[in-house]
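Undergrad: Encoded as structure tokens, here's the structure I'll be asking about.
The values are calculated or read from the model by the stated rules, or taken from the named source; none is laboratory data. Keep in mind the model is a prediction, meaning the values are calculated, not measured. Neighbour counts run over all protein chains shown; Cβ positions are idealised from the backbone, glycine included. The accessibility values were calculated without ligands, DNA or RNA, using every heavy atom of the protein model including side chains. Shrake-Rupley method; radii C 1.70, N 1.55, O 1.52, S 1.80 Å.
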Amino acid sequence: MKRSDKLRAKLGEIRNEAQAIVDQADAENEGVMTDEQSTSFDALMDKKKSIEAQITQAEELEAMEAGTGRQTSPADPGKAPANSLARTNPTAEEDPMRGFSSAADFGRAVHAACLPGGDRDSRLNILGAPSNFHQESGQSEGYEVPPQMRDTIWELMFEEENLLSVIGPEPTESNQVGVVTDESTPWGATGVQANWAAEGTQFSASKLESKMDQMKLHKLYAFVLATDELLEDAPRLNARLTKGASQAIRFKSDMALVEGSGAGQPLGWMSSNALITVPKETSQTAATINATNVSKMYARLFGSANRAFWLCNRNTLPQLITMTIGNQPIWTPPTSGMKDAPGGMLLGLPIRFSEHAETLGTAGDIQLVNPEGYYAANKAGGIQFASSIHLYFDYGIQAFRWTFRLGGQPLLSGPITANKGDTKSHFITLATRS
């Protein structure tokens, strides 16, 4: 048996050991590793990287001994897969495409390598998963996508402004983060207090009232089956899969921020106890929004309004553009283009249209949102996020999968009691008008 094959067998043993650790963590602690498990897992990953490097060295030596070198001619079907492209330097780490001409070229190479008895394209050897194994959060997820393809997906996902970019998730290296909250107010009975003191009297101490919540980052994925005909059509593959996956991920992540249940996904503000629902006016006509409604919503907003915005279903626009108080309009059209306020301004705050706002007349058709009251986190940095995107083909099943992790929840556990007046919150909506 060749040395490279022996090393691959060893890599398989490491994979099985790592999977056993992950399976144990899943069974005992909902996927969260203990310190001992994490240390063992990290050691296995270090060992994996070392063996991968040794496999590359062994393959180069074996190729030299065979008198062929690592570079083979595409015209020679006995020495290179039919779908392989000739490369001047197949180990060039600086090549962002790792020698592949397109996502379709990469997909065909992965497909061929994963078929029983299929040829392995040498360009896959420098993608960090020479044994068809890449460990990410406890699952085998296939071959890592070349960096340039990953960057393209990231850019497409955020090429248009969306709720996730407005919230601004905090990058983290962990799959779980601790969120420290302090819901005390200067006028409340708890938290830091200021008191008047007479001369010679002892000061009364107050203390911080904070609590720690553990927020888990949930996995969001796009898993797409593709036909052989589509794999052969590079332009259609890039347009339909790459862009389609980015749009699907963006849609679902935004949906979770608004209405996520918190079970296996972020907790959205519309599903949280922090939401305030302003009642409709007496005898208000069904499926209407009036100036009194939005004025009362604005009065309940907590915190600075500098970043606050209205999130509306587009079918509310005919109601909004006719709003006035007396003879003064409270809706104004955008004055600096459509980017910052595509729906114009309502009471001086921008309107953003969203498919995640409910239809006109239903609670959630118009929402007042202060993003400062929502905490979100995802895997640290764009490139770390993108490196969790992989392709996986298994015995004739041709599929693409993009994954990333996202967690989020409102900072408040409930509305804030005002010093004088009604309760306030970062998230306000209007009750159903039917």
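Undergrad: Need the failing condition index for residue 323 against (1) loosely packed, with under 15 Cβ neighbours inside 10 Å; (2) touching a strand residue (DSSP E or B) at 6+ places or on another chain (Cβ under 6 Å); (3) farther than 29 Å from residue 164 by Cβ; (4) of a type outside the set (Gly, Ala, Ser), just the number.
TA: (1)
Undergrad: May I ask you to say which residue of 173, 183 is closer than 25 Å to residue 424 by Cα and of a type in the set (D, E, K, R)?
TA: Checking each option against the conditions leaves just 183.
Undergrad: Moving on. Only one residue in 403, 417, 432 is more than 25 Å from the chain's Cα centre (by Cα), more than 23 Å from residue 372 (Cα to Cα) and at pLDDT 65 or above. Which one?
TA: 432
Undergrad: Failed condition for residue 367, given (1) open to solvent by 40 Å² or more (accessible area, probe 1.4 Å); (2) modelled with pLDDT of 95 or more; (3) closer than 25 Å to residue 417 by Cβ, with all others met?
TA: The one condition residue 367 does not meet is (1).
Undergrad: Which pairs turn up if I take residues in the range 210-221 that are touching a residue at least 24 places away in the same chain (Cβ under 8 Å) and look for partners that are open to solvent by 40 Å² or more (accessible area, probe 1.4 Å) and in a loop (DSSP other than H, G, I, E, B) with beta carbon separation below 6 Å, at least 6 apart in sequence or on another chain?
TA: 210/182; 217/175; 218/264; 218/265
Undergrad: Let me ask another. So which of 316, 277, 282, 288 is part of a strand (DSSP E or B) and hydroxyl-bearing (Ser, Thr, Tyr)?
TA: 277
Undergrad: Continuing with this model, one more query. Consider only pairs whose beta carbons are under 8 Å apart and that are at least six residues apart or on different chains; among these, list those whose first residue lies in the range 276-287 and is more than 22 Å from residue 300 (Cβ to Cβ) and whose second residue is open to solvent by 80 Å² or more (accessible area, probe 1.4 Å).
TA: Taking only residues 6 or more apart or on different chains, the pairs are 286/434; 287/434.
Undergrad: Related question: Output the number of residues of the range 257-274 satisfying the condition of being in a loop (DSSP other than H, G, I, E, B) and either aromatic (Phe, Trp, Tyr) or crowded, with 16+ Cβ neighbours inside 10 Å (or both).
TA: Final tally of qualifying residues: 7.
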